[in-house]
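A quick write-up on the structure given underneath.
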Amino acid sequence: MNSVWDTEQMARRIARRNKAERRFRLLGLGAIVLSLSFLVLLLVIMLKNGLGGLDWEFLTGSDSTDASTAGIWGALKGSLLTMAVTLALSFPLGVLSAIYLEEFAPKNRWIDLVEVSINNLAAVPSIIFGLLGLAVFINTFGLPRSAPLVGGLTLALMTMPVIVISGRNAIKAVPPSIRDAALAVGASPVQTVFHHVLPLALPGILTGTIIGMARALGETAPLLMIGMRAFIATPPDGITDPASVLPMQIFLWSDEIDRAFVQNTSAAIIVLLVFLLAMNGLAIYLRNKFEVRW
Amino acid sequence: MTDTPKMSARNVDVYYGAKQAIDDVSIDIDTGHVTAFIGPSGCGKSTFLRSLNRMNDTIPIARVTGEIDLDGEDISRMDPVQLRARVGMVFQKPNPFPKSIYENVAYGPRIHGVAAGKAEMDEIVEKSLSRAGLWEEVRDRLSDAGTALSGGQQQRLCIARAIAVSPEVILMDEPCSALDPIATARIEELIDELKERYAIVIVTHSMQQAARVSQKTAFFHLGKMVEYGDTSDLFTNPQQERTKDYITGRYG
Amino acid sequence: MTFVLILLVALGLVGWFVARGRARLMYTGRGSLAATPNYHGWHMALWTIVPALAAWGVWLSIEPGLIENAVLQDPAAAQLPESPMERATVLGEARNLANNPDAGFFNPLSVQLAEPMREAQTRYDIYGAIVVLLFGFIGGAYAYTRIKAAFPARTRVERGVMLVLLVASLVAILTTFGIVASLVYETGLFFAEVSPIDFLLGTHWSPANATGPDMGDSFGAIPLFWGTLYIGAVIAMIVAIPLGLMSAIYLTQYADLRVRKWLKPALEILAGVPTVVYGYFAALTVAPMIRDLAASAGYQNPSTESALAAGLVMGVMIIPFVSSMADDSIAAVPQSMRDGSLAMGATQSETIKKVLIPAALPGIVAGVMLAISRAIGETMIVVMAAGAAANLSVDPLESMTTVTYQIVQLLTGDQEFDSAKTLSAFALGLVLFVVTLILNIIALRVVKRFREAYE
Ligand SMILES: Nc1ncnc2c1ncn2[C@@H]1O[C@H](COP(=O)(O)OP(=O)(O)O)[C@@H](O)[C@H]1O
Ligand SMILES: [Mg+2]
């Protein structure tokens, strides 16, 4: 028998260590609970303040100086137009670059530069994209200020790296055996990629795209830079009309002195969160439904 | 003291979820000699070994039934901290912590609080490294990373780490399978020296190794312990048909 | 222009069918065609669309110049002010009015110019459409003449596809280049007026009253850098590191699989909430709460906007970020380390604190660097909750301002183009870009090296 372990002192020490173990575990649980309770608090406050203002008039109206008649349709339409531009640009560009980088790119310094660019663009603060949009699209190309066209362009540059990165991961996940099989029956490399690899990678690419779009939908800062903060009383008709977007409307209303706008702001936040939740839900659904484990 | 074996297992079953990996195993293990577990891979040697220091507790789906005693005391009622300090373990792949050689060995004594001060800790570290046959090679570079050693040295470091808390039993799960023949021979020598002080259980898939280092051998097959006896008897005169098939190389 | 695009697509489609049909007629049996008719279709479609699109792109970039020239021919243009900046403002207003008669304007001259502007726009749009369609026709016609039995349409099409792929991936470089070029250019203009030393080392920031020769004294950005770091790298991290790390530890080491499956996505929702929502939450709830707490603690006149409120909420936003980076790093530590420690009789928490965290430390540190880079670039929370006062203070209850806040401030309000005030926003942007870039590059290196160490 090993006497060290039989002493009173050692028994106390073990008891103390076990207590520390329980304490540490509780601390971990506490950290999660505390983090999530922030989320719950935020949601509860927004629901409490905003739910009362969510009615048909609010959903179909446009901005107004009078809180009771102001609505979000104008901003929502601006958001939709902006997102349409963003998607139309970032999706094809993102997918095509992902294909090139993953399947065809030679190993050389230029390609390294592209990869470094993409990884860094994904982490550049969004406001910097706003500065780019202002300097290039508006001041240099003379595109109209406050328009969904410029907003969409700016957000597309921001979203593209996200799509490229997720697209590359999805393409990488397609096993080489599929490529070998296609090449072995005489398909050209381009045919192999477009007929076999891309369809298999598509769910993953779409998931990444939706997540990127959700992020773009919630962005405010870059759009502030390109002037999408104008007071827009009539919904925009096209991508070159002055427009606002939903997050911007939230920002503008939050600045109003009139307390009545608190309800509007919170209600607009609820609408925005519902959209984001739906998009993320769709992404998760797609991932679970189509994800293939090789 | 002479009557109760160091460790004894009675009717042990181990399940992974619904799958049974060990079926009704009973065995006694004593100090002063080396016990080898042999058998084809997947037969449950590691699983059974890990039941002896309750490492299976760390696998959520694993469930152990039956009784295992250490010095006559049921280990399922012991504190795992204490049990694992008394029953040390060496793994298949050397797994030194990403710390210095000194800190690797001092880790156990430190968490268990068995060293009174720096001087005593130094002494424990030196003694453990000497017993593991590593002291001469590392005495001048105790602050180097443990991971910078060669594979064989790393494994001896892991053995030193295990003996630093003065265990009574040392469990080794294929400790040489990742090593070259020279490093293997070095570890086998070491096991031979250590058996005087500790009860040693070694899992091996090499029958030659079992024959070289062990005095007792247990043959496992499909989760059952088929045969257990003196190593020399088991290899020269197996009682069971399946043991004979295995040691003559019919499968494995 | 939308019309031209539709027409172009239609043209491509027609080309596709025409070429395919013609190639089919040439089919006389197995092996008689070098490529399938579909590829002849693609070949022609590409030749129709790509040159036309390229022409369109070129046209778009020269059209504004042409329009402006045309407008300047108008008699009313003679009254345009001399300064190029003011000219641009008036022309911009005129352009807005031309697109949208309800748009606001400051200079009545722009109303006079709106009509010629609209007229010129229509004219050049029509010219543009003609040019674009011409290119489409020429390209298509060329491809049509190439339809022969022996023509390797597939290889040609594939070569074209590769070119398109290559061009798409160059957009990323172009964007990076665009960011760097525009920031550096405008910053250069700014430094022509204000010395970089005044800007980077000065401690007084009040661009609103910046005039005259010692304008540099009003552009000392140190208080902004300080506020940015204090809010983003200190307060936010004090919240995010412990909560994120402990959450990751609980999720990876303690929670069983079912709980983890629910808690992890729940935590990630925190990262998906738009920052404008956090900003509103900070301004509406957190900041007043902190103010009231400070007041009841005997604090004199606490302000509603405080570094603490902004930093706190920003920290919450960053929690899932830190947590997932820590989660990845801890998961990358081999299971054998954990087993080794547990087999020594260490408790789970001892194993985590003494083995897993030290082993995962490089990854965790890199994660924190990325988190800081994200926090200092965050805009809306500070715009809505941190305040405008450029204070050099360590009191978290005081209002502080940040780089991003000032960029927004300088570029929204009533704009004077090209003033030092506007340009300074780009200089701030450049500093922000460089700092986040460095943080990201170092962090990505560390992560990569760390991953390789355990592979
Ligand atoms: N963590 C685990 N989860 C589920 N099944 C396991 C686990 N570990 C081992 N098993 C199963 O238990 C059986 C015995 O495994 P093991 O004890 O590792 O065998 P041996 O060490 O003799 O090769 C095998 O069939 C193996 O698949
Ligand atoms: Mg095994």
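The values are calculated or read from the model by the stated rules, or taken from the named source; none is laboratory data. Predicted, not measured: the structure shown is a model, and the values here were computed from it. Neighbour counts run over all protein chains shown; Cβ positions are idealised from the backbone, glycine included. Ligands, DNA and RNA are excluded from the accessible area calculation, which covers all protein heavy atoms including side chains. Shrake-Rupley method; radii C 1.70, N 1.55, O 1.52, S 1.80 Å.
If you plug each phi of region C:120-126 into the Karplus form 6.51 cos²θ - 1.76 cosθ + 1.60 with θ = phi - 60°, what whole-Hz ³J(HN,Hα) values come out, in order, with x for Gly and Pro?
Working through the residues one at a time gives 5, 4, 4, 4, 6, 4, 5 Hz.
In whole Hz and in residue order, list the ³J(HN,Hα) couplings for region B:29-43 that follow from phi through the Karplus curve 6.51 cos²θ - 1.76 cosθ + 1.60, θ = phi - 60°; x for Gly and Pro.
Values, residue by residue: 10, 10, 6, x, 8, 9, 9, 9, 9, 10, x, x, 6, x, 7 Hz.
Quick one: putting +1 on the C-beta of Lys and Arg, -1 on the C-beta of Asp and Glu, what dipole do you get for region C:2-151 around its Cα centre, in Debye to the nearest 20?
1500 debye
In region C:81-190, which GluC sites (Glu not before Pro) are in a loop and have at most 14 other Cβ atoms within 10 Å, using DSSP for the loop call? Mind dumping the intermediate values first?
Details: sites: C:E82, C:E86, C:E93, C:E119, C:E158, C:E186; in loops: C:E82.
Listed in order of number, the matching sites are C:E82.
Do any residues of region A:151-193 show a loss of at least 40 square angstrom of accessible area between the isolated chain and the full protein assembly, using a 1.4 Å probe, and if so which?
Residues shielded by partner chains are A:V190, A:Q191.
Within region B:147-163, list the residues whose amide N lies under 15 Å from a label point set 7 Å along Cα→Cβ of C:K353.
Counting only backbone N, you get no residues.
Calculate I(q)/I(0) for the protein assembly as shown by the Debye formula, one identical point scatterer on each C-alpha and no solvent, and give its log10 at q = 0.05, 0.07, 0.08 Å⁻¹ to two decimals.
Log10 I(q)/I(0), no solvent term: -0.44, -0.79, -0.94.
Return one whole number: the accessible area per residue of chain B in Å², for a 1.4 Å probe.
It amounts to 42 Å² per residue over chain B.
Pop out the carbon and sulfur fraction of the accessible area of chain A as a percent, whole number, probe 1.4 Å.
Of the solvent-accessible surface of chain A, carbon and sulfur hold 65 percent.
How high is the relative contact order of region C:112-266, in percent, with contacts defined as C-alpha pairs under 8 Å that are six or more residues apart? Before the final figure, lay out each step's value.
On the way: 55 pairs, mean separation 16.8, N = 155.
RCO, region C:112-266: 11 percent.
Not counting the cut sites, what is the longest span of chain C without chymotrypsin sites (Phe, Trp or Tyr not before Pro) that DSSP labels loop and that have at most 16 other Cβ atoms within 10 Å?
Details: sites that count: C:Y27, C:F105, C:F106, C:Y299, C:F417, C:Y454.
Formally, the longest exposed-site-free interval is C:107-298.
Per residue, how much space in cubic angstrom lies within the convex hull of the C-alpha atoms of region B:7-247? Each step should come with its number before you reach the end.
Numbers: hull volume 28.9 nm³, N = 241.
Convex hull volume per residue, Cα atoms: 120 Å³.
With a Förster radius of 30 Å, plug the Cβ-Cβ distance of C:D395 and A:K19 into 1/(1 + (r/R0)^6) and report the FRET value to the nearest 0.05. Before the final figure, lay out the partial values.
Working: r = 38 Å, r/R0 = 1.28.
My answer for the efficiency is 0.20.
Can you list the lysines whose alpha carbon sits under 21 Å from that of B:K195, skipping same-chain ones fewer than 8 residues off?
B:K6, B:K45, B:K127, B:K216
What does the average come to when, for each residue of peptide C:176-182, you count the partner chain Cβ atoms lying within 10 Å of its Cβ?
Shielding by partners across C:176-182 averages 6.
For an R0 of 30 angstrom, estimate the FRET efficiency from the Cβ-Cβ distance between A:E8 and B:K127 and round to the nearest 0.05.
Working: r = 26 Å, r/R0 = 0.87.
Efficiency computed from Cβ-Cβ geometry: 0.70.
To the nearest 0.05, how large is the calculated FRET efficiency for B:D245 and B:D192 if R₀ is 25 Å and r is the Cβ-Cβ distance?
Efficiency, from the Cβ-Cβ distance: 0.30.
Could you run the Karplus curve 6.51 cos²θ - 1.76 cosθ + 1.60 with θ = phi - 60° over region A:241-257 and give me ³J(HN,Hα) per residue in whole Hz, x for Gly and Pro?
6, x, 8, 10, 10, 4, x, 5, 4, 4, 4, 5, 5, 5, 7, 5, 6
Over all directions, what mean area does the Cα convex hull of chain C project, stated in square nanometres?
One quarter of the hull surface, i.e. the mean projection, equals 33.7 nm².
Suppose only helical runs count, i.e. DSSP H with n ≥ 4. What mean residue ellipticity at 222 nm does that imply for chain C under -39500 (n - 2.57) per run, divided by all residues and rounded to the nearest 500 deg cm²/dmol?
-24000 deg cm²/dmol
A:K48: which lysines have alpha carbons under 27 Å from its alpha carbon, excluding same-chain residues fewer than 8 sequence positions away?
Reachable lysines: A:K77, C:K264.
Would you mind computing, in nm to one decimal, how far apart the modelled labels at C:A295 and C:A266 are, each placed 7 Å from Cα along Cα→Cβ?
My value for the distance between the label points is 3.5 nm.
Run the reach check for C:K353 against lysines, Cα to Cα strictly under 19 Å, same-chain hits fewer than 8 apart removed. What comes back?
List returned: A:K19, B:K99.
Only Cα pairs under 8 Å and at least 6 apart count here; give the relative contact order of chain C as a rounded whole percent.
Rounded, it is 16 percent for chain C.
Need the C-alpha centroid separation for region A:193-224 versus region C:295-347, integer Å.
After rounding, the separation between the Cα centres reads 29 Å.
Just name one of A:I127, A:T209, A:I257: the one whose Cα is farthest towards the positive end of the charge dipole of region A:58-290 (beta-carbon charges, Lys/Arg +1, Asp/Glu -1).
Most positive-ward Cα: A:T209.
Residues of C:246-257, mean number of Cβ from any other protein chain within 10 Å of their own Cβ, rounded to a whole number?
The shielding value for this peptide is 5.
If I model a spin label as a point 7 Å beyond the Cα along the Cα-Cβ vector, how far apart are those points for A:T69 and B:S41 in nm?
Output for this residue pair reads 8.0 nm.
Nearest 100 Å² is fine: how much accessible area is buried between A and C, summed over both sides, with a 1.4 Å probe?
So the buried area, both faces added, is about 6800 Å².
When the scattering of region B:62-182 is computed by the Debye formula from its Cα atoms alone, each counted once and equally, what is log10 I(q)/I(0) at q = 0.12, 0.21 Å⁻¹?
-0.47, -1.17
About its Cα centre, what dipole magnitude does the protein assembly as shown give when the only charges are +1 on Lys and Arg Cβ and -1 on Asp and Glu Cβ, stated in debye to the nearest 20?
The calculation lands at about 2860 debye.
Dipole magnitude of region A:69-154 about its Cα centre, charges +1 at Lys/Arg Cβ and -1 at Asp/Glu Cβ only, in debye to the nearest 20?
Dipole magnitude for region A:69-154 comes out near 300 debye.
How many Cβ atoms of partner chains, on average, are near each residue of C:263-276 if near means within 10 Å of its Cβ?
6
Run the paramagnetic zone check for C:L189: 7 angstrom along Cα to Cβ, then residues of region C:93-134 with backbone nitrogen under 20 Å.
The answer is C:93-96.
Report, in cubic angstrom per residue, the convex hull volume of the C-alpha atoms of region C:243-374. Can you show the working numbers first?
Working: hull volume 18.0 nm³, N = 132.
Convex hull volume per residue, Cα atoms: 137 Å³.
For q values of 0.08, 0.17 Å⁻¹, compute log₁₀ I(q)/I(0) with the Debye formula on a Cα-only model of region A:58-290, without solvent.
Each listed q corresponds, in turn, to -0.36, -1.16.
Using only protein heavy atoms and a 1.4 Å probe, how much accessible area in total is buried between A and B, to the nearest 100 Å²?
Numbers: alone 16970 and 11780 Å², together 27710 Å².
The A and B chains share an interface burying roughly 1000 Å².
Roughly how tilted is helix C:236-249, in degrees to the nearest 10 and between 0 and 90, from the longest Cα axis of chain C?
Approximately 90 degrees, to the nearest 10.
Calculate the spin-label point distance for B:R139 paired with A:T140, positioning each point 7 Å from the Cα along the beta-carbon direction, and give it in nanometres.
Roughly 7.0 nm, to one decimal.
Let me have the relative contact order for chain B, percent, based on Cα pairs under 8 Å that are six or more residues apart.
28 percent
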